[in-house]
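To start, the structure under review is shown below, and the notes come after it.
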Amino acid sequence: NVPTDVRFSFAALSQRGGATGSHTDGWGISFYEQKGCRSLHDPNPSAHSELAKFIRSYPIKSLMVIAHVRKANRGRVALENTHPFGRELWGSAWSFAHNGQLKGIKTRKLTHYAPIGTTDSEHAFCWLLDRLRTLYPQRPSDHKLSLAISELFGDLRELGVFNALLSDGRSLYASCSTKLCYVERRAPFGQASLIDEDLEVDFAQETTPNDRVIILASTPLTRNEIWTHVAPKTTLVARRGAIVKSFA
């Protein structure tokens, strides 16, 4: 609910790209700032990337951040195939990241958007925005939009594994097929220790009593916080540091 420095969480995630994990086929991160979106991508493993080292040391603060480390299964290792992918819809910058495989997604026709790379993930993103633009030429209410995205996510989960994050900078829409969990940080704040790196932060020294942050990840990033595991076939909607909707 306030612009937040995500270097602590990114330090853990980036280690999973070649040090503590096998997602070595590129990485990317998108930061929202008002209506703008700042994105960085690198086809190299994040654990050994000079660009990732820069992000870990640069205090970019944002209300919404999506980061992804890639393990390629559809599409070669290349800059154009790194997530998060971005497109414009209704005058907003949308970002999308996905883990999993979607059988037959490329047979679905696209009208308004086209992939730049060759992943099934980017095709799914283009299809999602195509459907939303067809359903609603103008941006609908938050409630209608959440319902529509939940139904589209459910459709994509029928094709395979669809663990995904989608955002317009205001709301975060998360799909769980197999793996997704989250931690909510709010007062009273305590200490947190990363699983993937020897790093600890006392959030009580870094926050105010009114701050609220939610972190979503495939698996927990810290060892001494309470992470909630999301049930499969669930869509979550997060806004301003809290889960506001859940669709099963």
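The values are calculated or read from the model by the stated rules, or taken from the named source; none is laboratory data. Remember, it's a predicted structure, so these values are computed and weren't measured experimentally. To get the accessible areas, we keep the full protein, side chains included, count just its heavy atoms, and leave off ligands, DNA and RNA. Shrake-Rupley method; radii C 1.70, N 1.55, O 1.52, S 1.80 Å.
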Express the relative contact order of the chain as a whole percentage, based on alpha carbon pairs under 8 Å and six or more residues apart in sequence. 18 percent
Residue-normalised 222 nm signal for the chain, counting each DSSP H run of n ≥ 4 as -39,500 (n - 2.57), nearest 500 deg cm²/dmol, is -6000 deg cm²/dmol
Using a 1.4 Å probe on the protein chains only, how many percent of the accessible area of the chain belongs to carbon and sulfur? 51 percent
Take the chain, connect every pair of alpha-carbon atoms lying under 10 Å apart with a spring to form a Gaussian network, then pick out the residue of Trp90, Trp127, Trp227 with the largest mean-square fluctuation. Trp90
Using θ = phi - 60° and the Karplus relation 6.51 cos²θ - 1.76 cosθ + 1.60, list the HN-Hα couplings for the stretch 113-129 in order, rounded to whole Hz, with x at every Gly or Pro. 10, 9, x, 8, x, 10, 7, 5, 4, 5, 4, 4, 4, 4, 5, 4, 5
Reach of Lys106 by Cα under 28 Å, taken over lysines that are not fewer than 8 positions away in the same chain: Lys71, Lys144, Lys179, Lys233
So what J values fall out for the stretch 175-188 if you push phi through Karplus, 6.51 cos²θ - 1.76 cosθ + 1.60 with θ = phi - 60°, rounded to Hz, Gly and Pro as x? 10, 10, 9, 10, 9, 6, 8, 8, 10, 9, 10, 8, 4, x
Straight-distance crosslink candidates among aspartates and glutamates, where the alpha carbon sits under 15 Å from Lys103 and sequence neighbours closer than 8 are dropped: Asp120, Glu122, Asp155, Glu158
Looking at the P(r) of the stretch 155-248, how many percent of alpha-carbon pairs lie beyond 24 Å? 27 percent
Ellipsoid semi-axes in whole angstrom, largest first, where each is sqrt(5λ) of the Cα gyration tensor of the chain: 27, 21, 17
Against the longest alpha carbon principal axis of the chain, how many degrees, from 0 to 90 and to the nearest 10, is the axis of helix 142-157 turned? 80 degrees
Taking only Cα atoms and a 10 Å spring cutoff, compute GNM fluctuations for the chain and point out the largest among Lys179, Lys103, Lys233. Lys103
Can you tell me the accessible area per residue over the chain, all protein chains present, probe 1.4 angstrom, in square angstrom? 48 Å²
In the Gaussian network model of the chain, springs joining C-alpha atoms below 10 Å, which of Ala12, Ala97, Ala187 carries the largest mean-square fluctuation? Ala187
Where the centroid of each part is defined by its Cα atoms, how far is the stretch 24-42 from the stretch 220-246 in Å? 21 Å
